[in-house]
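Heads up, the thing below is written out as structure tokens.
The values are calculated or read from the model by the stated rules, or taken from the named source; none is laboratory data. Everything numeric here is computed off the predicted structure, so don't read it as measured data. Counting neighbours? That spans all protein chains shown, and the Cβs are built from the backbone with ideal geometry, glycine included. Accessible surface is based on the protein model in full, side chains and every heavy atom, while ligands, DNA and RNA are left aside. Shrake-Rupley method; radii C 1.70, N 1.55, O 1.52, S 1.80 Å.
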Amino acid sequence: MKKYHFLAFDIGATSGRAMVGTLEENHFSIQEVNRFPNTLIEIHGKLYWNIYRLYDSLKETLALCAGKGIHIDSIGIDTWGVDFGYVGKDGSLLGLPRAYRDPYTKGAPDEFFKCISRREVYDYTGIQIMEFNSLFQLFRAKKEKCSYLEHADQILFIPDLLSYLLTGRRICEYTDASTSQLLNARSKQFETALFDVAGLPSDIVGPVVMPGTIIDSLTDELARSTGIGKIPVVAVAGHDTASAVVAVPASDSRFAYLSSGTWSLMGIETDQPVINDVSYKHNFTNEGGIEGTIRFLKNITGMWLLEQCRKEWNKEGCFYSYQQIMEMAKHKTSFYSLVDPDNPCFTNPVSMTAAIKTYCDETGQIPPRENAEFVRCIFISLVDRYRQVLELLSEMTSFDIDKLHVIGGGAKNYFLNQLTANAIKRPVIAGPYEATAVGNCMVQAKALGVVADRWEMRRIIASSLPVEIFYPENN
């Protein structure tokens, strides 16, 4: 059997990684070949992504692979959702993409809902109402008379924009487009009624393509300058969580997943969207998955709270490894104040530790004082939120949820995984850690005809990559 090598670019809000996945005779392995920064830049009070720097990092990686003699069969790109860039009629990129953390969309949903009801928008899209969704970004850009929007021929979501820079071909991949709150969850096509309300031309977005579509090969210039050759670029599950869910090593559909990182995304995989009074009340979201599936999930603020606390502690000269952090939480059993991780006060505070203290004061709880107490507070608060969301999922599913698969970087947090198993009273299966890149590679494999469907992918992943199981303890 031929040995295949897939190059997965997995780009997050702070850094990007290039991973090479190798598939041979139903055995899969993966290794990192490059890592590069991805930082916000502020210009005149506005926050942007430096898409040109990312493009350079992709080029550098291709040249690195060629220089090391790594044979690549295909390339795939996944990123975060909702953000996009503008492309002009001549194909030029119009400026830098605005970043979702820019506060220019603050208050935009309430303003938009004066034109159409909140419930009607949810009934069309099934998407969780969040201020930074693409719909509200475009709505606010229109209000600001953004020159990029006024002169744009098309918008391209970030993974599609990067693949356009690599190939010269424009596509609109389903899973990433589904995060925009512009897509009809049932038809899987863009909902023209929402464009009309926002005062936007509906042809500013391209036709939707499904994950596993071969876009085109690298441009002649890139193939030559990097030395990599004319490699095909695949539209994988472009939204990073969609790629991560591909890698859940489940043998049947009776599972929930938790993609654990800066954000924690907990959900189930369904064939049809779940749009009803309960899902609307609790602001659940229906995002696209591979093979036309729906990722019915809840966005939960995850390790963002801890990451921001660590930045403060680093400035004070306190540098903790993740092993130390887990031990800090494990041994501070006497502290039990809880915060709501999804409270708006934690979105982007000047000081996360101060925000946590204020929340505890305002809710009549003892605020943390020591760093270990902050860690303990964050961990038990996340676990409590996981329990709440899983209970809601159980109410809205047509099947019993037997287990929770934790994927992504949070799968390494053995203490949090054990706390979660205890709280939800179900086994927690942790791994693979590199789920997003693994899923990215597997969709490339399907595009090249190497695997048949997501269940074959998951069987290969389960037999190739290690997981750790946490069973509920008696307590």
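Which members of the stretch 22-38 meet the condition of being surrounded by fewer than 12 Cβ atoms within 10 Å (Cβ to Cβ) and under 19 Å from the mean Cα position of the chain (by Cα)?
Correct list: P37 only.
May I ask you to list the residues in the stretch 50-90 that are small (G, A, S), surrounded by fewer than 18 Cβ atoms within 10 Å (Cβ to Cβ) and not in a helix (DSSP H, G or I)?
G69, G88, listed by residue number.
Name, by its number, the condition in (1) more than 14 Å from the chain's Cα centre (by Cα); (2) open to solvent by less than 50 Å² (accessible area, probe 1.4 Å); (3) in contact (Cβ under 8 Å) with a residue 40 or more places away in the chain that does not hold for E291.
Unmet condition: (2).
Report whether or not D160 is modelled with pLDDT of 95 or more, open to solvent by 20 Å² or more (accessible area, probe 1.4 Å) and of a type in the set (D, E, K, R).
It is false that D160 is modelled with pLDDT of 95 or more, open to solvent by 20 Å² or more (accessible area, probe 1.4 Å) and of a type in the set (D, E, K, R).
One residue is enough: does the stretch 39-49 have a residue meeting the conditions surrounded by 13 or more Cβ atoms within 10 Å (Cβ to Cβ), outside any strand (DSSP E or B) and more than 20 Å from the chain's Cα centre (by Cα)?
Within the stretch 39-49, not a single residue is surrounded by 13 or more Cβ atoms within 10 Å (Cβ to Cβ), outside any strand (DSSP E or B) and more than 20 Å from the chain's Cα centre (by Cα).
When you go through F112, F157 one by one, which is the residue that is among the aromatic types (F, W, Y) and within 14 Å of the chain's Cα centre (by Cα)?
Going through F112, F157 in turn, the sole match is F157.
Of all residues in the stretch 123-176, how many are among the basic types (K, R) and assigned to a loop (DSSP other than H, G, I, E, B)?
3
With respect to L165, is the statement that it is among the aliphatic types (A, V, I, L, M), over 23 Å from T241 (Cα atoms) and open to solvent by 20 Å² or more (accessible area, probe 1.4 Å) true?
no
If we keep just the residues of the stretch 386-425 that are among the polar types (S, T, N, Q) and not in a helix (DSSP H, G or I), which is farthest from F470 (Cα to Cα)?
My answer is S398.
So T241 clears everything in (1) among the β-branched types (V, I, T); (2) under 30 Å from G206 (Cβ atoms); (3) open to solvent by 10 Å² or more (accessible area, probe 1.4 Å) except one condition, right? Which one?
For T241, the failing item is (3).
Scan the stretch 238-277 for residues that are part of a loop (DSSP other than H, G, I, E, B) and either in contact (Cβ under 8 Å) with a residue 60 or more places away in the chain or touching a strand residue (DSSP E or B) at 6+ places or on another chain (Cβ under 9 Å) (or both) and report the count.
16
Can you work out which of the residues in the stretch 315-332 that are assigned to a helix (DSSP H, G or I) and under 26 Å from the mean Cα position of the chain (by Cα) is surrounded by the most Cβ atoms within 10 Å (Cβ to Cβ)?
This residue is I325.
Find all pairs meeting these conditions: Cβ atoms under 7 angstrom apart; at least six residues apart or on different chains; first residue within the stretch 11-28 and under 20 Å from I70 (Cα atoms); second residue of a type in the set (D, E, K, R) and not in a strand (DSSP E or B).
Note: pairs meeting the criteria are M19/E434; T22/K3; E24/K3.
Got at least one residue in the stretch 119-132 being free of Cβ contacts under 8 Å to residues at least 12 places away in the same chain, among the acidic types (D, E) and over 25 Å from T213 (Cβ atoms)?
Checking the stretch 119-132: at least one residue is free of Cβ contacts under 8 Å to residues at least 12 places away in the same chain, among the acidic types (D, E) and over 25 Å from T213 (Cβ atoms).
For the stretch 185-196, give me each residue that is in contact (Cβ under 8 Å) with a residue 40 or more places away in the chain, crowded, with 16+ Cβ neighbours inside 10 Å and closer than 27 Å to S147 by Cα.
E191, L194
From the residues in the stretch 426-440 that are touching a residue at least 60 places away in the same chain (Cβ under 8 Å) and part of a loop (DSSP other than H, G, I, E, B), which one is most open to solvent (accessible area, probe 1.4 Å)?
Restricting to residues being touching a residue at least 60 places away in the same chain (Cβ under 8 Å) and part of a loop (DSSP other than H, G, I, E, B), the top hit is E434.
Before we move on, is Y280 within 20 Å of F132 (Cα to Cα) and either assigned to a helix (DSSP H, G or I) or open to solvent by 50 Å² or more (accessible area, probe 1.4 Å) (or both)?
yes
Among V443, V406, which is the only one that is modelled with pLDDT of 95 or more, crowded, with 23+ Cβ neighbours inside 10 Å and closer than 19 Å to S260 by Cβ?
After applying the criteria, what remains is V406.
Consider the stretch 198-229. How many of its residues are touching a Gly at 6+ places or on another chain (Cβ under 8 Å), within 22 Å of D78 (Cβ to Cβ) and exposed (fewer than 14 other Cβ atoms within 10 Å of the Cβ)?
Total meeting the criteria: 0.
Within the stretch 239-269, how many residues turn out to be under 24 Å from F415 (Cα atoms) and not hydroxyl-bearing (S, T, Y)?
Adding up the residues that qualify gives 15.
List pairs: first in the stretch 89-108 and without any contact (Cβ under 8 Å) to a residue 40 or more places away in the chain, second buried (at least 18 other Cβ atoms within 10 Å of the Cβ) and not in a loop (DSSP other than H, G, I, E, B), Cβ under 6 Å, 6+ apart or cross-chain?
From the stretch 89-108, the pairs are T105/F136; T105/Q137; T105/R140; A108/F136; A108/F139; A108/R140.
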